[in-house]
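Trainee: Please read through the structure below; I'll follow up with questions.
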Amino acid sequence: MGYDQQIRGYFETLKATIDKIDRAEIERAMEALKRARDERRFIYAMGNGGSAATASHYAGDFNKGLSLGREKRFRVIALNDNAPTMLSLANDVDYASVFVEQLRNFLEPGDLVLAISGSGNSENVLRAARYARERGATVIGLTGFDGGKLRALSDVSLHVPIDNMQVVEDLHMVFDHLMMSILYRE
């Protein structure tokens with residue numbers, strides 16, 4: 001054994017960080033998500049690495065957990081889930097374009113983009129967020145650290161104020177499950 005101190009420290013860091021999160025922004029995100037659902041808008045989620053897994057998880061939770069058997073359904077697409085499209089864009093264009101080029105095919109004004117970047121500085125996510133804003137879509141940015149460039153580009157900022165990628169990624173998933181649990185009851 002001997003891990004108790006590190007375990008306790010990690011949990012204490014999580015708890016302290018949760019207390020620093022702007023709850024009003026979570027409410028704003030929920031309202032934007034409900035509006036997208038009610039107006040039958042598409043929601044495009046994206047991220048790299050752990051954030052890609054988070055984007056996929058949001059899509060699964062909202063498309064099934066919050067839509068199955070309901071009249072009003074969410075329409076979430078995780079842009080990082082189509083590996084052949086991403087890899088062909090990365091190979092033939094560049095990796096920084098893998099999300100924005102997909103949005104150019106589908107995004108309509110009024111749609112919603114969940115842009116997930118722990119650092120807030122992933123160029124492929126930033127390009128997609130800029131394009132979304134130009135096209136009249138709403139951008140919900142999920143960030144950590146100081147929020148990077150994405151925080152300023154976001155209409156709604158779900159920011160985790162800590163310089164610890166693991167805690168940032170943990171709390172990005174907490175946002176998903178928190179919003180899901182509240183929206184499920186409505």
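Trainee: Return a yes/no flag: does the range 74-81 have any residue that is more than 16 Å from residue 32 (Cα to Cα), touching a Lys or Arg at 6+ places or on another chain (Cβ under 8 Å), free of Cβ contacts under 8 Å to residues at least 60 places away in the same chain and buried (at least 23 other Cβ atoms within 10 Å of the Cβ).
Mentor: No, the conditions are met nowhere in the range 74-81.
Trainee: Return the residues of the range 4-34 that are in contact (Cβ under 8 Å) with a residue 12 or more places away in the chain, part of a helix (DSSP H, G or I) and either under 26 Å from residue 128 (Cβ atoms) or among the β-branched types (Val, Ile, Thr) (or both); say none if nothing qualifies.
Mentor: 13, 17, 18, 25, 26, 28, 29, 30, 32, 33, 34
Residue-wise test of (1) surrounded by fewer than 16 Cβ atoms within 10 Å (Cβ to Cβ); (2) under 17 Å from residue 159 (Cα atoms).
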position	(1), (2)
2	yes, no
7	yes, no
13	yes, yes
22	yes, yes
37	no, no
49	yes, no
54	no, yes
65	yes, no
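Trainee: With respect to residue 59, determine if the residue is assigned to a strand (DSSP E or B) and hydrophobic (A, V, I, L, M, F, W, C).
Mentor: Spelling it out, it is not the case that residue 59 is assigned to a strand (DSSP E or B) and hydrophobic (A, V, I, L, M, F, W, C).
Trainee: Out of all the residues in the range 95-145, which are surrounded by fewer than 24 Cβ atoms within 10 Å (Cβ to Cβ), small (Gly, Ala, Ser) and within 24 Å of residue 25 (Cα to Cα)?
Mentor: Once the filter is applied, which keeps residues that are surrounded by fewer than 24 Cβ atoms within 10 Å (Cβ to Cβ), small (Gly, Ala, Ser) and within 24 Å of residue 25 (Cα to Cα), the range 95-145 yields 110, 119, 136.
Trainee: Is there any pair with a first residue in the range 117-134 that is in contact (Cβ under 8 Å) with a residue 12 or more places away in the chain and a second that is surrounded by fewer than 18 Cβ atoms within 10 Å (Cβ to Cβ) and among the aliphatic types (A, V, I, L, M) whose Cβ atoms are under 7 Å apart and which are 6 or more apart or on different chains, and what are they?
Mentor: The qualifying pairs are 118/165; 123/96; 124/96; 127/96.
Every number here is computed from the coordinates shown, using simple stated rules; none is lab data. Since this is a predicted model, take the numbers as computed values, not measurements. Please note: Cβ atoms are built from the backbone with ideal geometry, for glycine as well, and neighbour counts cover all protein chains shown.
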